[in-house]
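Below you'll find the structure, written out as structure tokens, and then a few comments.
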Amino acid sequence: MQKRTLLLALTTALTLAFAGSISAQTYTVFIHGKSGSNHNGVGTTDVNNYWGSSHNSVSGSKIFIGYDGTSDPRTYGSSRAQTNITTGLTNYCKNGKSCKIVCHSAGCYAIEYWLSNLGGTASSKGFSITKVTALAAASGGSELASALNGITFGFGGNAMDKSLIVGTARGAFNHNNTGGVGIYHVPGYKGMIGASLILPGEDDYAVAYHSSCGYNKAGGLDKCQASLTQSEGIWPFNSNVTYTQYSGHYRAPSLSATGLYLNHSEIKNEGWR
């Protein structure tokens, strides 16, 4: 009888421990950016292969949140970013489960918008989100989208393109409100002739450092750090201008202020940071 009682107690303890390990599961959640494809889905499949093999730089359990890559990342509905982010993070970042988020380009725009509009901190809403690794964040917009809108008199581009107009992106939400979650930026400076003539400062051929580093205003910057003051304008009319990162935004600690010599696509491999 004593052996049976002891065996039952041991079995119960092991069952509870196993259940606890499941409930404490940690996930890496990937959120993609602008694309010509529909990546709609929430789960372990990277629908239409946005990330390719780049997600292999991250170990452990992975979840992919996808949506129509031509749509405005601020919108809700079928195949829309905000709806699928809500579904994905509710399923995988609550009730004893925690997650780290890896976003790329406009995917960072999408998750930052979501966090800003939570109505409180993520933890107060029951979410356990350790951090956001923001790869080439487009949450500050892109001058390429602004140029496209300008030369076509507002008729060119899809909903995603229009959302990425610099003034639109910067005015879309309170960038200082991250829901209490740290946004860790990973910028690249491997530009491209043509695009780099339009993008100010360092760029990865799609977004400039003012966006990919989370600065509080647009400008031509070549460093990613908490604060930067530089002289702008033609002498003798030049003046010092100071740029600071939005509250809750930081350079990823594994980087120097220079950033990485990677382009907009290559930087998708840096989700491990």
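The numbers here are math on the coordinates, done by the rules we state, and not lab data. This one's a predicted model, so the numbers in the text were calculated from it and none came from an experiment. Heads up, the Cβs are rebuilt from the backbone with ideal geometry, glycines too, and the neighbour counts pull from every protein chain shown.
Okay, helix-only estimate at 222 nm for the chain: each DSSP H run of n ≥ 4 adds -39500 (n - 2.57), divide by all residues, round to 500 deg cm²/dmol; what do you get? All intermediate terms of the calculation are to be shown ahead of the outcome.
On the way: 8 runs with 72 residues, N = 273.
That comes out to -7500 deg cm²/dmol.
Anything in the chain that counts as a DSSP H helix reaching 30 Å or more along its axis (C-alpha) with Kyte-Doolittle mean of at least 0.5? List them, would you? Can you show the working numbers first?
Details: long enough: 2-23 (31 Å, 0.94).
Membrane-span-like by this criterion, though nothing is claimed about a membrane: 2-23.
Among 78, 214, 151, whose Cα lies farthest out toward the positive end of the dipole of the chain, if unit charges sit on the beta carbon of Lys, Arg (+1) and Asp, Glu (-1)?
78
Please report the projected area of the chain's Cα convex hull averaged over all directions, in nm². Please list the in-between numbers first.
Numbers: hull surface 70.0 nm².
Orientation-averaged projected area of the Cα hull: 17.5 nm².
I'd like the Karplus ³J(HN,Hα) series for the stretch 62-70: coefficients 6.51, -1.76, 1.60, θ = phi - 60°, whole numbers in Hz, and an x wherever there's a Gly or Pro.
10, 10, 10, 9, x, 7, 5, x, 9
Could you line up 193, 165 from fewest to most neighbouring Cβ atoms inside 10 Å?
By the 10 Å Cβ count, ascending: 193, 165.
Report the Cα centroid-to-centroid distance between the stretch 96-139 and the stretch 49-63 in angstrom, as an integer.
For the stretch 96-139 versus the stretch 49-63, the Cα centre distance is 18 Å.
Which residues in the stretch 158-175 place their backbone N less than 17 Å from a point set 7 Å from the Cα of residue 83 along the Cα-to-Cβ direction?
159-160
Cut-off under 20 Å on the C-alpha distance; same-chain residues fewer than 8 positions from residue 125 excluded. Which lysines are left, in chain and number order?
94, 97, 100
Can you find, among 241, 140, 175, the residue sitting farthest towards the positive end of the charge dipole of the stretch 97-242, where Lys and Arg contribute +1 and Asp and Glu -1 at Cβ?
In the stretch 97-242, that residue is 175.
Identify all lysines with a Cα-Cα distance to residue 190 below 24 Å; exclude those on the same chain that are fewer than 8 residues away in sequence.
34, 217, 223, 268
How do 68, 203 rank when sorted from fewest to most other Cβ atoms within 10 Å of their own Cβ?
68, 203
Between residue 98 and residue 255, what FRET efficiency comes out of the Förster formula 1/(1 + (r/R0)^6) with R0 = 25 Å and r the beta carbon distance, rounded to 0.05?
Working: r = 24 Å, r/R0 = 0.96.
The computed FRET efficiency comes out at 0.55.
For residue 242 and residue 44, what does the FRET efficiency come to when R0 = 51 Å and r is the distance between their Cβ atoms, rounded to the nearest 0.05?
Given R0 = 51 Å and the Cβ-Cβ separation, E is 0.70.
Quick one: Kirkwood hydrodynamic radius for the stretch 120-244, alpha-carbon pairs, angstrom, one decimal?
15.7 Å
Which value, in debye to the nearest 20, describes the size of the charge dipole of the chain about its Cα centre when Lys and Arg Cβ atoms bear +1, Asp and Glu Cβ atoms bear -1, and nothing else is charged?
Working: 19 positive and 13 negative charges, 239 e Å.
In debye, rounded to 20, the chain gives about 1140.
Computed FRET efficiency, Cβ-Cβ of residue 272 and residue 235, R0 35 Å: what is it to the nearest 0.05?
0.20
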